[in-house]
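Submitted below is the structure of interest, expressed as structure tokens.
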Amino acid sequence: MVKRIALPAAPDAAIYDPVSRRFYVASGSSISVISVASLKQVGIFNAGFANIGSLAIDSGSNRLYTNQLGTGRIAVISRLSGAVETEWNSPGVAFNAPMSLDVDRHRLFVASRTPGKLLIVDTQTGKLLQSLDSLETADDMAFDPGHYRIYVTGEHGVNIFVQQEAGRYIPEARFGTMKGKSSVYVPSLQRLYIIHAQSEEDGAGLQVYQGNR
């Protein structure tokens, strides 16, 4: 162990920004900011609500996006001041969970579990651009900037969406997995890694999918 940093109880979401070399950890309504360079906590933000479900970083605008599980609310936080700049609501969504971001095209992707939807939000205006049917059990999400694909993973499988020339997204594929929820996409390898927990039918494992070129 290199160092132990005390944080508020029950952390549930985290994200690392390689540009600023800072690690953000959400616990309840607070977001702890940790400097990887100094291995110290350098700040703490308040999202204005509890039960933070996911985080997304926009390095270009110094914004941090975070959502509140079960309400459809999205808070936009300034990473410079730590203050909430604005809030957006997602109508018809009861359990928004994972998030991802296309920084270059100003698109925030939010997956909802109840109902299963993929929401695409314009980060410049907060406007909801699209609402697409997706998994009811979304637990993680990844964006592939090289091929404009969104991977949504949950207990019931994987939903893949792809961007069209007009900038809108359509469903590309959907297939089952071994109830794997957490996932990571590695752009340099074009591979999607899905972790599944041990069950009565099978042991714990890691599934690896090769993305289409």
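For residues that are in contact with a Leu (Cβ under 6 Å, 6 or more places away or on another chain) and among the small types (Gly, Ala, Ser), scanning just segment 125-153, find the one that is most open to solvent (accessible area, probe 1.4 Å).
Selected residue: Ser131.
If I go through segment 158-182 residue by residue, how many of them are modelled with pLDDT of 90 or more and not charged (D, E, K, R)? If you could, list the steps in order and put the result at the bottom.
Residues of segment 158-182 that are modelled with pLDDT of 90 or more, as a first pass: 158-164, 168-174.
Those still in the list that are not charged (D, E, K, R) too: 158-164, 169-171, 173.
Residues in segment 158-182 being modelled with pLDDT of 90 or more and not charged (D, E, K, R): 11 in total.
Given the options Asn51, Asn46, name the one that is within 17 Å of Ala83 (Cβ to Cβ) and either at pLDDT below 90 or surrounded by fewer than 18 Cβ atoms within 10 Å (Cβ to Cβ) (or both).
Details: Asn51 fails: within 17 Å of Ala83 (Cβ to Cβ).
After ruling out the rest, the residue left standing is Asn46.
Please state which of the following conditions Tyr185 fails to meet, knowing it meets all the rest: (1) of a type in the set (Ser, Thr, Tyr); (2) in contact (Cβ under 8 Å) with a residue 12 or more places away in the chain; (3) within 24 Å of Asn89 (Cα to Cα).
Every listed condition holds for Tyr185 apart from (3).
Only one of these conditions is not met by Arg191: (1) in contact (Cβ under 8 Å) with a residue 24 or more places away in the chain; (2) more than 19 Å from Ile120 (Cβ to Cβ); (3) open to solvent by 50 Å² or more (accessible area, probe 1.4 Å). Which number is it?
Every listed condition holds for Arg191 apart from (1).
Going by what's in this entry, would Ala138 be described as more than 17 Å from the chain's Cα centre (by Cα) and not hydroxyl-bearing (Ser, Thr, Tyr)?
On the way: more than 17 Å from the chain's Cα centre (by Cα): no; not hydroxyl-bearing (Ser, Thr, Tyr): yes.
Against the criterion (more than 17 Å from the chain's Cα centre (by Cα) and not hydroxyl-bearing (Ser, Thr, Tyr)), Ala138 does not qualify.
Here's something else I'd like to know. Which residues, counting only those in segment 154-171, are closer than 20 Å to Asp139 by Cβ and open to solvent by 80 Å² or more (accessible area, probe 1.4 Å)?
Across segment 154-171, the qualifying residues are His156, Pro171.
The values are calculated or read from the model by the stated rules, or taken from the named source; none is laboratory data. These figures come from a predicted structure and were not determined experimentally. Quick reminder, even Gly has a Cβ in these numbers, built from the backbone with ideal geometry, and neighbours come from all protein chains shown. We work out accessible area using only protein heavy atoms, side chains counted, and drop any ligands, DNA or RNA first. Shrake-Rupley method; radii C 1.70, N 1.55, O 1.52, S 1.80 Å.
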